[in-house]
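Step one of this worksheet: look at the structure below.
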Amino acid sequence: PALCRGERYMKAELDAAGAGGGKKTGVAGFELKLVLLMQEDFFGPGAADFLMKIRETGSMQAACQEMGMSYSKGWKLVNRIEEEMGFSFLIRKNGGRGGGSSELTPEGEIFVRKYLAFVEAVNEAAKDCFREYYDEYLQRE
């Protein structure tokens, strides 16, 4: 899915059916941003990207740097997710001579993977709906 490539929002661009390379003037696609809610928004594409970056780098600090996010904002984001869900998303090892590290807990890993699968499933269903409602506009040149 697009989110695994680090894109902020899921985008689906559909080529006009039968278009022969001419300029397309119809509707070309749509954009979805799926956010999970409890009392308020707490988990969306940015949070998923951040947690996957922590998984990839093994470090919250490195993930923050790569995403252009302050370390304190990263902590706030993780704390908010953990507070809303009621379980830990990260195993944290404090720094020292060798530096600290962070990794996703098994529950955190499952949660992120389910979110990404949910986004993919919704996107696929939305593509079908998009074609159903906008097919006539997709075929313009």
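The values are calculated or read from the model by the stated rules, or taken from the named source; none is laboratory data. None of the values given here were measured: they were computed from a predicted structure. Note that each Cβ is placed from the backbone with ideal geometry, even for glycine, and that neighbours are counted across all protein chains shown.
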Looking only at segment 82-92, count every residue that is within 16 Å of PRO106 (Cβ to Cβ) and in contact with a strand residue (DSSP E or B) (Cβ under 6 Å, 6 or more places away or on another chain) and tell me the total. 3
If GLY58 passes every condition in (1) touching a helix residue (DSSP H, G or I) at 6+ places or on another chain (Cβ under 6 Å); (2) at positive phi but one, which one does it miss? (1)
Which one is surrounded by the most Cβ atoms within 10 Å (Cβ to Cβ), of the residues in segment 102-141 that are of a type in the set (Ser, Thr, Tyr) and touching a residue at least 40 places away in the same chain (Cβ under 8 Å)? SER102
Of ARG92, ARG113, ARG97, the only residue that is modelled with pLDDT of 95 or more and more than 20 Å from GLU31 (Cα to Cα) is ARG113
So which residues in segment 109-141 are charged (D, E, K, R) and closer than 24 Å to GLU56 by Cβ, if there are any at all? GLU109, ARG113, LYS114, GLU120
